[in-house]
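Below is one structure, written out as structure tokens; the observations come after it.
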Amino acid sequence: MTAPASVVPAVIVAHDGQALQLEDAAAAAAAGPVRDALKAALSWAHVAWSRRFGKPAGLRSGEDFDAYTAELAARIRAVSIDPAPVLLDFARRARILGVSQGLIEANAPQRNLGHEIRAETRRQIDESTATARAKLAQAADLVESLQRGSFKTINRQLAVADQAGNIVERAARTAANDELNEGLAAAAEHVGGRLVWIAERDACVACLALSGHVIEPGDAFDWRLTFGAKAYPPMGFDAEGELVEIELERPPRHPYCRCRVSPWLGHDEAGALSVTHDWADAAADSLARGDLVGAAAAQKAAAEASASAAFDLPSALRREAERSILRGDALPSESENVRIQAADRLLNRIGSQKNSRSPSGWRVPASVKKRAERAVQRGAFTR
């Protein structure tokens, strides 16, 4: 069975921290060299402009300008982008980490469940590498095609090249998260468990709608679920490299998604009652002896054992996802207007009755509901 309530969330939080460290390392190792090379090219561009033309604001043209843009374009084209070996290495590490974490979360012995990454992950890495290279080539062409301009014009053309580093970083984070969840799913299948979706508290309104939902390995999560106005189907590359709609078998749901799954074996209510009864007998014996302190300790232990063994993680995750929507917890990348609209939709589903329940069955406290209602009226959440 799953670990006690006091352990499960703490273990998952610790595991999420380990996964984030690996993801950050993958992004730095893959995108760092690209960004460093572009930084060197931009530094040369700035120094060379100052030496040849003086102030960066002045418009320039002619042979010197053409020679300058030709050399800068050559330097951009010389930037080498080959992140595939690094990305594949970190993808394998993430797969192994996912298996290990999943077995720990399922209270199962560690074992090797394979570390071969998916063909889909390889295709994503190849596609991202090709796209990043295309951005560099585009930036070089834009610079070389200039007939006149200022250094500000040069910077504007180089902005396309900056996208190359972002593309490689996104590929690193996506591949790491993808393979981590593949490993977690493999662990769940090995122990005969199901998969529960776990979203961070400030995840997007689409991912929060899936938090706490449980499926059998091999089945798909319902991508249509969202607290937002509209849900979008997940996309991936097929064997021919075409971007197509795919099933949402596990995270990531979108680029930079940090959701994860965890093996779920259910909560042991029968075991909880058994433990509770044992402590109840101990409490009765203590009372018979006149030991009030011992009886109180036994009763407390019984209550804690019951809450621990019968902990329902999926229900708790669904409840916390709805609480997040009503509180307006969000990353800076998600607009407050999106969260306000999501809170308004959820409030309408909850209703105005006293002690009304949310869609997941949670009896929403009046203070939480009132705070969300005030935020919707203001059009902004207080922090």
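The figures follow:
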quantity	calculated
Stokes-Einstein D for the range 8-191, Kirkwood Rh over Cα pairs, 10 °C, 1.306 mPa s (µm²/s)	86 µm²/s
Integer Hz, Karplus 6.51/-1.76/1.60 couplings in order for the range 100-107, x for Gly and Pro	4, 5, x, 5, 5, 5, 9, 6
Derived scalar couplings ³J(HN,Hα) [the range 252-259; Karplus, 6.51 cos²θ - 1.76 cosθ + 1.60; whole Hz; x for Gly, Pro]	x, 8, 7, x, 6, 5, 10, 5
Contour minus Cα-Cα distance for Ser356 and Leu287 (0.36 nm per residue)	20.8 nm
Ascending count of other beta-carbon atoms within 10 Å, so fewest first, for His254, His213	His254, His213
Length added when fully stretched, Arg224-Asp126, from 0.36 nm per residue minus Cα-Cα	32.4 nm
Spin-label pair Ala40/Ser367, simplified geometry with 7 Å Cα→Cβ offset, distance in nm	5.8 nm
Sequence-distant residues sharing a close amide H with Gly212 (under 5 Å, placed H)	Trp197, Ile198, Ala199
Estimated inter-spin distance, Gln21 and Glu71, nm [label 7 Å along Cα→Cβ]	4.6 nm
Translational diffusion of the range 88-141, µm² s⁻¹ [Kirkwood Rh, Cα pairs; Stokes-Einstein; 25 °C; 0.890 mPa s]	183 µm²/s
Net charge of neighbours whose Cβ lies under 13 Å from the Cβ of Ala164, counting Lys and Arg as +1 and Asp and Glu as -1	+2
Estimated FRET transfer efficiency when R0 is 51 angstrom, pair Gln147-Ala297 (beta carbons, to 0.05)	0.05
Note, ³J(HN,Hα) from phi for the range 189-202, Karplus 6.51, -1.76, 1.60, rounded to Hz, x at Gly and Pro	5, 4, 8, x, x, 9, 10, 10, 7, 10, 9, 5, 4, 9
Highest to lowest packing among 359-366, 240-247, 149-156, scored as the average C-beta count within 10 Å	149-156, 359-366, 240-247
Computed FRET value (nearest 0.05) for Asp312 with His254, which takes r as the C-beta separation and R₀ as 25 Å	0.35
Cα-only Debye scattering, the chain: base-10 log of I(q)/I(0) at q = 0.06, 0.09, 0.10 Å⁻¹	-0.35, -0.69, -0.81
Label-point separation, Glu240 to Ser335 (7 Å along Cα→Cβ), nm	3.6 nm
Cα convex hull volume per residue for the range 312-383 (Å³)	87 Å³
FRET efficiency, 1/(1 + (r/R0)^6) with R0 51 Å, evaluated for Arg374 and Ser50 via beta carbons	0.40
Ranked packing of 347-357, 23-33, most packed first, by mean Cβ within 10 Å	23-33, 347-357
Max mean-square fluctuation residue, GNM over the chain, Cα-Cα springs under 10 Å, options Ala45, Ala185, Ala175	Ala45
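FYI, it's all coordinate maths here, none of it is from the lab. Since the model is a prediction, treat every value here as computed from it, not as a measurement. Methodologically, a virtual Cβ is constructed for each residue, glycine included, from the backbone with ideal geometry; neighbour enumeration extends over all protein chains shown.
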